[in-house]
1. For residue 48, all conditions in the list (1) at pLDDT below 50; (2) farther than 26 Å from residue 163 by Cα; (3) surrounded by 15 or more Cβ atoms within 10 Å (Cβ to Cβ); (4) out of contact with any helix residue (DSSP H, G or I) (no Cβ under 8 Å at 6 or more places or on another chain) hold save one; what is the number of the exception?
2. Please specify each residue of the stretch 138-164 satisfying the condition of being within 17 Å of residue 87 (Cα to Cα) and more than 11 Å from the chain's Cα centre (by Cα).
């Protein structure tokens, strides 16, 4: 009895909806009202551009480390590089995918499960050096941090936007199909 795999419709609400937001702000942007209407990805890109970084990835929300490796142990950087390169999707989060310990991390886990995307999770609460190092590695101050195809994709808000727009499903569909077939 074969049936087509159906995508579940999941109303996604930001984990911050019932809490005080815990998202990075752009305090060096003098015209905050000029960027506050933009999606989270574009807001972050605008803030980083004002900070002097023009190296952005395809999503526009993410920048390469402005101080790559400065202060980070080479062994830690190597371990992070290997983990990110050896997995299609890696989520650095508070808790694990089986037991998220933060609303934002839980939201990202639920989105990835809803699109049937196989992923690895790394609990940053177990290692202070990793937690601090990831902030430097990605130049993103909050968790969760999602890496797709070896590149930093974003955090919870960006995942919600990508899921709601269908961009995430389009990008991850080949990975989900391969996992189902294999």
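1. If we test residue 48 against (1) at pLDDT below 50; (2) farther than 26 Å from residue 163 by Cα; (3) surrounded by 15 or more Cβ atoms within 10 Å (Cβ to Cβ); (4) out of contact with any helix residue (DSSP H, G or I) (no Cβ under 8 Å at 6 or more places or on another chain), just (2) comes out false.
2. 149, 150
The values are calculated or read from the model by the stated rules, or taken from the named source; none is laboratory data. Everything quoted here is computed from the prediction, not taken from an experiment. Glycine gets a Cβ as well: all are built from the backbone with ideal geometry, and neighbour counts include every protein chain shown.
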